[in-house]
Amino acid sequence: MKKDLVAVNPSFVIGPLLTPTPTSSLSLTLGLLTGTKRSYPNMTCGFVHIDDVVKCHILAMEDKKASGRLICSGPVVHWSEIVKMLKSKYSKYPITDRCGSNLGYADQHSLDTSKLSELGFPAFTSIEHMFDDCIASFQEKGLLQ
């Protein structure tokens, strides 16, 4: 019996908490919302909703055509765009305007999700929806007012 290794490679995962405490990705977001994080990352990266990551894993297990690496990522944006969106939508939180001085990979780029598209993966969740679900989860768990 031949086996094929399939690796799901998610980008920066956002969405509701699945654990009692925030993961490293969600800790960064919580820190930005509470003001404990004094600057946002100076980098551009892909973002993906946790629900999309779950769907991708299920597709990778169930579809015999899945093979190799599956890049699981929605929009690729600079953190300044995330901060701008959060400040506009959640103005009651003390979100910083300060960009971090450590330069990460800030160049605009894209991630190739064509393998997922070819397998029939639906459209990825929007950035706004990802962060709305994340913030609602923080509020439900008492981590945000």
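Each reported figure results from applying straightforward, stated rules to the coordinates on display, with no laboratory input. What you are looking at is a predicted structure, and each value in this text was computed from that prediction instead of being measured. Neighbour counts run over all protein chains shown; Cβ positions are idealised from the backbone, glycine included.
Of the chymotrypsin sites (Phe, Trp or Tyr not before Pro) in the stretch 83-137, the ones in a loop by DSSP (not H, G, I, E or B) with at most 13 other beta carbons within 10 Å are Y105. Taking a Cβ cut-off of under 13 Å around V76, the surrounding Lys, Arg, Asp and Glu residues balance to a net charge of -3, with basic ones at +1 and acidic ones at -1. Taking packing as the residue-averaged number of other Cβ atoms within 10 angstrom, the listed peptides 22-30, 135-143 run from highest to lowest as 22-30, 135-143. By the Cβ-Cβ criterion of under 4.7 Å, the unpaired cysteines of the chain are C45, C99, C134. Among G31, G46, G120, the largest mean-square fluctuation in a Gaussian network model of the chain (Cα springs under 10 Å) belongs to G120.
Just checking the listed ones, S80, S11, S117: in the Gaussian network model of the chain with Cα springs under 10 Å, the one fluctuating most is S117. Under conditions of 20 °C and 1.002 mPa s, the stretch 80-138 yields 150 µm² s⁻¹ as its translational diffusion coefficient, taking Rh as the Kirkwood radius over Cα pairs in the Stokes-Einstein equation.
Take the residue pairs K87/K141; K55/K84; K65/K89; K65/K141 and return only those whose Cα atoms are more than 32 Å apart. Result: K65/K89; K65/K141 exceed 32 Å. Start at zero, step by 5 Å, and the Cα-Cα distances of the chain spread as 2, 9, 18, 20, 18, 14, 9, 6, 3, 1, 0, 0 percent across the bins. Taking the chain as a Gaussian network of alpha-carbon nodes connected by springs under 10 Å, the highest mean-square fluctuation of the residues K92, K115, K37 belongs to K92. For the pair the stretch 1-33 and the stretch 48-68, the centres of their Cα atoms are 14 angstrom apart. Of the residues M43, M85, the one with the fewest other Cβ atoms within 10 Å heads the list, and the complete ranking is M85, M43. Summing Lys and Arg as +1 and Asp and Glu as -1 over all other residues whose Cβ lies under 11 Å from the Cβ of T96 gives a net charge of +3.
Computed over neighbours whose Cβ is under 11 Å from that of V13, the net charge equals -2, Lys and Arg +1, Asp and Glu -1.
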